[in-house]
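Data first, discussion second: the structure below is written as structure tokens.
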Amino acid sequence: MYAAPSLRHTVRHNSCGSVLYLIQCSRSSCVEEHDEDLYVDCHGEENDAVEHMVRDALRKLDGTWLFNATAPGSKQQQSSSGIALFSTLEAANELAGQLFKEMLANPPFDGEADDDDDEEEEEEEEAEKPKLSKKKAADGQVKWEATLRYNYDPLTAGQLKNVVESTLVVKVVPATVC
């Protein structure tokens, strides 16, 4: 799994004296509920083993990465253009918003929405639609965040409906230039 280098949030200036910015992305997930069919043909300790298989597959998709770098669990090659640095806060904030919306529209973790036919649960789900937030710090840097609930099945190509909750964060941070 690719982990972004540790970012110190110390503003440094490039040789021209202006601040540079990066876009940092992260995703963290947990299994909220395992599908009952996960345990078919399992006995005793095998139940724990299949739960661990689901959690381990999900964990490979979590992590922190920089825009223009390969995301954890991605089958795409890293861009040959390297890490993107932005010379203006406005450009970084704008692209961070676009990237966030694109990531929400095309989840790289192949999960489908957690949909259940029970009316009572549908009402609960209405309240649990992705919780989106956009926060702007005093220095103007934007942080986008969403919590998504979806079905995830790394074992049987979509037959199981393990309920997962993931938090996706895309934020603009000052670059540390050494």
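Where a number appears in this text, it was derived from the coordinates with a stated rule and is not lab data. In this text the structure is predicted, and so the values were computed from the model without any measurement. Cβ coordinates were reconstructed from backbone atoms using ideal geometry, including for glycine residues, and neighbour counts include every protein chain displayed.
By the count of other C-beta atoms within 10 Å, a proxy for reagent exposure, T70, T64, T156 are ordered fewest to most as T156, T70, T64. Annotation for segment 19-75: trypsin sites (Lys or Arg not before Pro) lying in DSSP loop with at most 16 further Cβ atoms inside 10 Å of their Cβ are K60, K75. Each residue, T176 and Q159, gets one label point 7 Å from its Cα in the Cβ direction; the gap between the two is 4.8 nm. Across segment 139-156, coupling constants 3J(HN,Hα) worked out from phi with the 6.51/-1.76/1.60 Karplus curve, θ = phi - 60°, read 7, x, 6, 9, 10, 9, 8, 9, 10, 10, 10, 8, 8, 9, 9, x, 9, 10 Hz, and Gly and Pro carry x. Net length available on complete extension from E45 to A138 is 28.3 nm, with 0.36 nm assigned per residue and the Cα-Cα distance removed. If R0 equals 30 Å, the separation of the Cβ atoms of A91 and K60 corresponds to a calculated FRET efficiency of about 0.40. For T70, the residues 5 or more places off, or on other chains, whose built amide H falls under 5 Å of its own are S79. Quick one: which of K101/K136; K101/K143; K60/K131; K60/K134; K136/K171; K101/K131 span more than 19 angstrom between C-alpha atoms? As for pairs spanning more than 19 Å Cα to Cα, those are K60/K131; K60/K134.
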